[in-house]
Amino acid sequence: MELNTSMCETMKIPNFFIVGAPKCGTTALCEYLRSHPNVLISTTKEPHYFATDLAYPNFRTINDYNEYIRLFKCLPQHLVVGEASVFYLYSSVAINNIYRYNENAKIIAMLRNPIDLIASFHGQALYTLDEDEENLEKAWSLQYERAVGKSIPKHCSDPALLQYARIGKLGDQVERLLSTFPREQVKFILFDDFVQDTKAQYEEVLRFLNVPSDGCTTFPKINERKSCKSRLLNRLVQRPHPIVQIVGRSLKKVCAIERWGVLDKIKAWNRVNVARPDLQSVFRRAAISAFHEDIDKLAKILDRDLSHWHSV
């Protein structure tokens, strides 16, 4: 299906999706693909349109189809069009919704040792104000009461983002994905492989998408762990007043633009990269125990040796 907008531009339905998982290199892959002349990726990051079980508008930023399809205004040279929403894999309904929308779509899922994933994601959640407990071990212990609506941070987009054990159970999520999409339409990338040889993984993705190599040899680090210079300024830009959000969305529709870019510049100025803190071995053992069966499930599905993920 194509919606004609002019002689040289069309709006196509997306035919590939980067579905997660968070903190597994998805942002980096998205940016590398964005520079490819034959690939279009929506400039609106992580619309999560198909994750209808996540909260709108603070997390799932688009729920209108006409607004969503406008993200994919492309030129004739764009052979594939897609988007990246890192919680599609975690969502209980997104994969099925994508399949009903385009059963021929190609799916890219990036995966990582769940202990490292949740440690990195916890830092991201602190930065985005979804989390207010700075100690990961304490945040982990709060999952159970948060599951029943207690101790939810004031600015949390969706309490589902505080369930670290569920977020890290990639085996369950991959099993659900493959119960919907045929294996040949899914590309799995392990974070360790992506970091070790980014160029080789990037070229594999291009072959999977059936687009020619662009000869790219430079792959800068993207989306490192970050904090902020000013917490007050971070709160203002991460969680603008609801009236400001409503006015901003309305103006973007009227002006037919996807992003203003002002908040992005403020965020960039206020952002600083920080090192990930070391996890206490006692907590790491407890977390590994929680993920033990799921890691084995994922290893079996992928036919990969992931025994090193069990190491403290």
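No lab work stands behind these numbers, since they all come straight from the coordinates. None of these values were measured; they are calculated from a predicted model. As a convention, Cβ positions derive from the backbone with ideal geometry for all residues, glycine included, and neighbour counts pool all protein chains shown.
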Chain lengthening between residue 103 and residue 166 when straightened (0.36 nm per residue, less Cα-Cα): 20.1 nm
Unsatisfied cross-links (Cα-Cα over 29 Å) in the set 150/300; 23/150; 106/150; 23/300; 73/187; 23/106: 150/300; 106/150
Looking at 79, 113, 148, which one has the Cα that reaches farthest to the positive end of the dipole of segment 66-162 (charges on Cβ: Lys, Arg +1; Asp, Glu -1)? 79
